[in-house]
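Some notes on the structure that comes next.
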Amino acid sequence: MSRHLGVAAALLLLTACGTSETGTAEPVASASGASAVPSASSSASPSTNPSSDRPKEIRIDGKNPCDLMTSQDAAAIAVTTASRQNVDQTFKSPNCTFEATGAFWNITTVVTEGFEVWTGGKRQGQPTTIEPVGGFPAITVTRPGDEARCDVAVDVANGQYLFTGFEVSKSFADRFPKPCDGARTVAEAAMRNLTK
């Protein structure tokens, strides 16, 4: 009798979940309009997809990172040495450095990977979500044992992000902001100039 009850319950469950409509399964449209087929494993691991919290996408291909700091911005943070453009070997992306006695700032327009490398754990460093920069999702990146440096990553587009850093020598720490504050100041200036 219990065997017949189990079969009846299974049939009832299948009937309740089915419909009389025919057709094929269709991908579900996401908030961004892209189609995706739901999968059972999609909720099993944390998402490392690019952020959907951006107010818009700002592509930074071809942007000169040195142009993202005006002379007024540089003066406000006490830069004393002219900016230098190069290629950041870690990110294989354009980089610009700014210096003052005892301190160093940089801006990198990362076009080789997305913001999610930090939030997904593919890069070394401790990411911490911070208030948005210019309305865009942002994190600080610190490294244990290195209190003299902090970086800020700002999610500007799929596969791209703005990366700023600030490092201060311990003997000059009283003359400059804390590293994460300095990196954020540079990120805010760069985002202001990107969104003009």
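The simple Förster model, with R0 at 22 Å and r as the Cβ-Cβ distance, assigns ASN193 and LYS56 a FRET efficiency of 0.90. Pairs exceeding a 30 Å alpha-carbon distance, out of LYS63/LYS178; LYS63/LYS122; LYS56/LYS122; LYS122/LYS196: LYS122/LYS196. Amide H contacts for ALA157 (H built 1.01 Å from N in the peptide plane; partners 5 or more residues away or on another chain; cut-off under 5 Å): ILE58. In this simple spin-label model, placing a label point 7 Å from the Cα along the Cα-to-Cβ direction at both VAL87 and ASN64 gives a separation of 1.8 nm.
What the phi angles of region 101-106 give under the Karplus curve with 6.51, -1.76 and 1.60, with θ = phi - 60°, is a coupling list of 4, x, 8, 8, 10, 8 Hz, glycine and proline written as x.
Backbone phi angles across region 129-138, fed through the Karplus curve with coefficients 6.51, -1.76 and 1.60 (θ = phi - 60°), yield HN-Hα couplings of 5, 10, 4, x, 10, x, x, 9, x, 8 Hz in residue order; Gly and Pro are listed as x.
Per residue, the average separation of C-alpha pairs within less than 8 Å and at least 6 apart gives region 78-127 a relative contact order of 27 percent.
Take the convex hull of the alpha carbons in region 81-196; its mean projected area over all directions comes to 7.2 nm².
Bear in mind these aren't lab numbers, they're just calculated from the coordinates by the rules spelled out. Model, not experiment: these values are computed from the prediction. So basically every Cβ, Gly included, is an ideal-geometry build from the backbone, and we count neighbours across all protein chains shown.
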